[in-house]
1. Taking the Cβ of S86 as the center, what net charge do the other residues with Cβ under 13 Å away carry, scoring Lys and Arg +1 and Asp and Glu -1?
2. So if the hydrodynamic radius of the stretch 60-189 is defined as the Kirkwood radius over C-alpha pairs, what does Stokes-Einstein give as its diffusion coefficient at 4 °C and 1.567 mPa s, in µm² per second?
3. With θ set to phi - 60°, apply the Karplus curve 6.51 cos²θ - 1.76 cosθ + 1.60 along the stretch 166-176 and write out the HN-Hα couplings as whole Hz, x wherever there is a Gly or Pro.
4. Between L183 and A105, what is the FRET efficiency for a Förster distance of 41 Å, r being their Cβ-Cβ separation, to the nearest 0.05?
5. 5 Å is the cut-off here: which amide hydrogens, built 1.01 Å from N in the peptide plane, fall below it relative to L71, excluding neighbours closer than 5 in sequence?
6. Quick one: length gained pulling M152 to K120 fully straight, 0.36 nm per residue minus the C-alpha distance?
7. Please list, in order along the stretch 112-126, the HN-Hα scalar couplings obtained from phi with the Karplus expression 6.51 cos²θ - 1.76 cosθ + 1.60 (θ = phi - 60°), rounded to whole Hz, x for Gly and Pro.
8. For the stretch 112-197, how big is Rg over Rh, using alpha carbon atoms and the Kirkwood form of Rh?
Amino acid sequence: MKEGHRESSLSSSPFIPEIQDRPILQHFRLPMLEAYDGGSDPMEHVVTFRAQMALYGSSHSIMCRALPMTLCGIARGWYSRLPPTSIRSFDQLVREFEANFLASARLKPTTASLLGMRQKEDEPLGPYLARFTKEIRVIPDAHPSLVIQAFMIGIRPSHFFWFLMECPRATVLETLQRASQYLVAEAQVAKKHEDHKRPTPQGPNPLRIWPEEHDRGCYCRFHRDYDHDTKCYNLKNQIEDLIRHSHLGRYVRKPYEPSPRPKGPVERQINAIVGGPTVGRDNSLARKAYA
């Protein structure tokens, strides 16, 4: 009975007997990765599968038998339709798997797509630099001079563009570092412009008092003139305006918040002063002495 079941299993398996009969070690565990259903890039699934199987030092025969266990849906149906004893190696299984789901594969960027990248009209340099950097990471064999040329072609005419034209960089890393430094400097300049836009306190209007009417006994440091002390209304208004614009926040005391009143009934205490004649002397003489 067992021999008949084994023959049935071999006849329905897409693997040759050398693969199907290979024993699986007891400590072997299936890789923990998301099941592939045919809707995403098959090559990414294979790369992840290979990386996890390498941790166990698994042979190609074990990998052949483990890969179908990571398939589901349409992909599982594809595996079940493979002809019996048609797969002779793991590389062959991967080729047929990737070819069948080629339509779901993500197109890899090429040097042609890199040369076609353009900075959008409303796109700042920072987001475009991030897009360009992400693109070149998946094209490791691109020539450095071609990458620099593609970057120069893609950016819009600007101060940074003409700066690179006058001082070209020899490597891709230097070009991208120069772009990052330019972004930092641009942000600092923008911050300085923003600081200059903040309202600055204006000096007080001169006092409309004849010099001979000035009270020389009082001097206002705010008006820089005589007649009254520093506690003037103009200075008070200027200080309140600075507080409203958050210029003097560190000098303003936080509003007092009273402690929360206890909930429930409050126990009241009555204090009394007890006095009078001492014990044992409650007589008229003692009362007169106490009074």
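Nothing in this text is a laboratory measurement; each read-out follows from the coordinates by a stated rule. From a predicted model like this one, the values you see are computed outputs, not experimental measurements. A quick note on method: Cβ atoms are made from the backbone with ideal geometry, for glycine too, and the neighbour counts reach across all protein chains shown.
1. Around S86, the surrounding residues sum to +2.
2. The diffusion coefficient I find is 71 µm²/s.
3. 7, 10, x, 9, 7, 10, 5, 4, 5, 5, 5
4. FRET efficiency, L183 to A105: 0.75.
5. Y36
6. 10.1 nm
7. Computed from phi, the couplings for the stretch 112-126 are 5, 5, 5, 5, x, 6, 9, 6, 5, 4, 9, 9, x, 5, x Hz.
8. 1.00
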